[in-house]
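The values are calculated or read from the model by the stated rules, or taken from the named source; none is laboratory data. No experiment lies behind these values; they were computed from the predicted model shown. Don't worry about glycine lacking a Cβ; one is built from the backbone with ideal geometry, like all the others, and counts go over all protein chains shown.
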Ligand code: ADP
């Protein structure tokens, strides 16, 4: 069972962070990192001070999706705190910027590395820290949720039925930890061509989750070649939410940009 977090437990480097938002999925490849990065840059475009922590140790995507000039994390020689690198004003920390090879680690080691990053990074003052969670709902995810005082969670899914079952698991994990799930992003929902919308994976799984768990927001994100290209070229300036509704995601937990 989850250990309740007491205020004194909050790592020093996170104390000046107002809101910590986990972007989570139970399966890989559904677009979790794409959503996390675009959510962060959308918030930054709206004037917020934002950081991204890529907690996906096995497959860190941040170095591919965002291409900062300085690609290796620095350490403050006095405090020994990790200093995030930065791109377009957004602070970035990823295992992929740690200058190490790909990770072959057992679960407890992964939890240890994540803890180390979370407890020794000096984020400074931030309005939002977006955490790109490792996919799944196992020990690694639980530990992370216990170390970090999460404000809210955003769940990413695709329309297939299997993804729905997995999302339900994610929602249950966060609700056990008393973290509100404020939005579901149904990614790769449809694509547009010949003035028509095509739903290659069927319809309705996102709205089913939202109804079942009383989640306030559902975003349908289409398949867009620009999004994929932006992710592959390290240029994250495409926003998830061109209608400017990102702020609404946060209104229900009393968080404003
Ligand atoms: P995850 O973090 O869930 O593993 P990613 O965000 O890395 O998934 O996305 C997997 C791949 O799919 C990436 O190449 C990404 O660019 C692409 N992708 C994700 N969402 C979309 C979308 N809506 N339209 C086009 N390509 C997408």
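Laid out as a table, the results:
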{"item": "Verdict on residue 13 being away from the ligand (no atom under 12 Å from the Cβ), at pLDDT 90 or above and not in a loop (DSSP other than H, G, I, E, B)", "result": "no"}
{"item": "Entirely in segment 135-224, the strands (runs of 3 or more DSSP E) that have 1 or more residues that are modelled with pLDDT under 90", "result": "152-157, 181-187, 191-193, 217-221"}
{"item": "Residues satisfying the stated conditions in segment 64-77, i.e. in contact (Cβ under 8 Å) with a residue 60 or more places away in the chain and more than 10 Å from the ligand (Cβ to nearest atom)", "result": "66, 67"}
{"item": "Segment 25-54, subset more than 10 Å from the ligand (Cβ to nearest atom) and under 11 Å from residue 65 (Cβ atoms), residue modelled with the highest pLDDT", "result": "52"}
{"item": "Any hit, segment 227-234, residues being more than 17 Å from residue 36 (Cα to Cα) and either at pLDDT 85 or above or within 14 Å of the ligand (Cβ to nearest atom) (or both)", "result": "no"}
{"item": "Cβ pairs under 6 Å, 6+ apart, first in segment 101-124 and assigned to a strand (DSSP E or B), second crowded, with 18+ Cβ neighbours inside 10 Å and modelled with pLDDT of 85 or more", "result": "121/13; 121/82; 121/93"}
{"item": "Test: residue 38 is in a helix (DSSP H, G or I), closer than 30 Å to residue 159 by Cβ and either within 14 Å of the chain's Cα centre (by Cα) or without any contact (Cβ under 8 Å) to a residue 60 or more places away in the chain (or both)", "result": "yes"}
{"item": "Matching residues, segment 154-168, being in contact (Cβ under 8 Å) with a residue 40 or more places away in the chain and away from the ligand (no atom under 15 Å from the Cβ)", "result": "161, 164, 168"}
